[in-house]
1. Can you pull out the residues in the range 39-62 that are buried (at least 20 other Cβ atoms within 10 Å of the Cβ) and either within 15 Å of residue 152 (Cα to Cα) or modelled with pLDDT of 85 or more (or both)?
2. Report, by residue number, each residue of the range 195-227 that is of a type in the set (S, T, N, Q) and either modelled with pLDDT under 85 or within 18 Å of the chain's Cα centre (by Cα) (or both).
3. Inspect the range 326-339 for any residue being farther than 30 Å from residue 288 by Cβ, buried (at least 22 other Cβ atoms within 10 Å of the Cβ) and modelled with pLDDT under 70 and give the result as yes or no.
4. Exactly one of (1) polar (S, T, N, Q); (2) in contact with a Gly (Cβ under 7 Å, 6 or more places away or on another chain); (3) closer than 24 Å to residue 334 by Cβ is unmet by residue 288. Its number?
5. From the residues in the range 305-321 that are hydroxyl-bearing (Ser, Thr, Tyr) and in a helix (DSSP H, G or I), which one is surrounded by the fewest Cβ atoms within 10 Å (Cβ to Cβ)?
6. Going through the range 161-194 one residue at a time, which ones are aliphatic (A, V, I, L, M) and either within 29 Å of the chain's Cα centre (by Cα) or surrounded by 17 or more Cβ atoms within 10 Å (Cβ to Cβ) (or both)?
7. What is the residue count in the range 165-188 for residues that are modelled with pLDDT of 90 or more and charged (D, E, K, R)?
8. Would it be correct to say that residue 302 is at pLDDT 70 or above, closer than 21 Å to residue 368 by Cα, out of contact with any Leu (no Cβ under 8 Å at 6 or more places or on another chain) and part of a helix (DSSP H, G or I)?
Amino acid sequence: MWSKLKSLKLTTWIFISIIVGVVIGEFLPVLVPYVKPLRTLFLNAIKCIVAPLIFASIVTGINSAGSGKALGRTGLRAIVYFEIATTAALFIGLGFVNLLRPGDGVTLAQQVSDVISKVQSTPMTFSGFVEHLLPTNFAEAIVKGDVLQIVLFSTLFGIAVMLSGAKGKPVLAFCEGLTDVMFKFTDVVMTLAPLGVGAALAASIAENGWGVMVPMLKMVGTLYLALIVFVLIVLVPALKYARVNLKAFFKELRPTIILAFATASSESAYPQALESLEKMGVAKRIASFVLPLGYSFNLDGSTLYLAVASVFIAQAASIEISFATQIMMMLTLMLTTKGVAAVPRASLVVLSGTALAFGLPLEGITLILGVDAFMDMARTSVNLLGNCVATTVVARWEREPMSPEYMAG
């Protein structure tokens, strides 16, 4: 029996923990206070990996590019892909929310919650976004877990190491060693993944309950359906275009996607995603540069969610928005979502800013908050998958070969 249990793969253990977590959250909520700390423990363990891994891998990736010209070419291709993917996500979300109209028949709450008051106190401005791009000190960005600031600081630091020539080699060697050590650290921490996943689901179900989803089921269903269609008509064709073996690709990323879904945290899946991409043969210089960059500029799931949520609020308030206004709304979201990772309470801040800009009632956010945990799982998974696809496509644009088993015949 013990030998059979030891032979089970991590994915199997995560599936088992999902079932156990659902059972505890629904039928044994009295146990939740005892298992909930395991969720925090696991997420904290992952979060302490993210900053040093992003820093070390970006510095290493930039310096393995060979030249500033090659680095700039990779970055430009990544940005082009990000823009195409996020634009597609916006219009798919817009199409589904207008077709299915999940807000019809939903009644808005009369009082604005404390959460909305907090969101209103965090305005989205262009000047604020630009000022936020770099931290006052790197330690502050690490403490806050601000991925965008960490990415930009690491990029500038990596370029400085490249320009330093021979004097920068000791720093580069340190970063290469740190990258390898953090991957080993990730393997150790991932043994806690089943406990963290089960505890996260148990706590989510116990705190929100299934009942809160009933009046908002159409909204949740619309989002899930739109995300599935996005994957099928955008991400899958992108992989086919890159001549990637779909079965092998998704099999390799399956445990990472499940982890992102169960914890609703892209950061929790970052180390394993980076490791899987390199295992598939994506060049380290591309994987370690494009993947973290995507965490700030290619949030496909969150972008699609914001398109659905903003029009849903208008429908719930019985406000009919013209197609031209909806296009303007999408253009606004296209810009503001580029900085979504740099703002506290990111999705709510962007959503509230868009609602205020177009005269929509903020009370609509109270409805969304009740089921946001369930929607967050789906959009986080698509964020992760979208960034893995983006990294793979950019690698193929760069004519980098992948491992033969991950290439389509």
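1. Those that are buried (at least 20 other Cβ atoms within 10 Å of the Cβ) and either within 15 Å of residue 152 (Cα to Cα) or modelled with pLDDT of 85 or more (or both): 50, 51, 53, 54, 55, 56, 57, 58, 59, 60, 61, 62.
2. Step one: filter the range 195-227 for residues of a type in the set (S, T, N, Q), giving 204, 208, 222.
204, 208, listed by residue number.
3. Looking for residues that are farther than 30 Å from residue 288 by Cβ, buried (at least 22 other Cβ atoms within 10 Å of the Cβ) and modelled with pLDDT under 70, one finds none in the range 326-339, hence no.
4. Condition not satisfied by residue 288: (3).
5. If we take residues in the range 305-321 being hydroxyl-bearing (Ser, Thr, Tyr) and in a helix (DSSP H, G or I), then 310 is surrounded by the fewest Cβ atoms within 10 Å (Cβ to Cβ).
6. 161, 162, 172, 178, 181, 182, 188, 189, 190, 192, 193
7. 2
8. Working: at pLDDT 70 or above: yes; closer than 21 Å to residue 368 by Cα: yes; out of contact with any Leu (no Cβ under 8 Å at 6 or more places or on another chain): yes; part of a helix (DSSP H, G or I): yes.
It is true that residue 302 is at pLDDT 70 or above, closer than 21 Å to residue 368 by Cα, out of contact with any Leu (no Cβ under 8 Å at 6 or more places or on another chain) and part of a helix (DSSP H, G or I).
The values are calculated or read from the model by the stated rules, or taken from the named source; none is laboratory data. What you see is a predicted model, and the numbers here were worked out from it, not measured in a lab. Quick reminder, even Gly has a Cβ in these numbers, built from the backbone with ideal geometry, and neighbours come from all protein chains shown.
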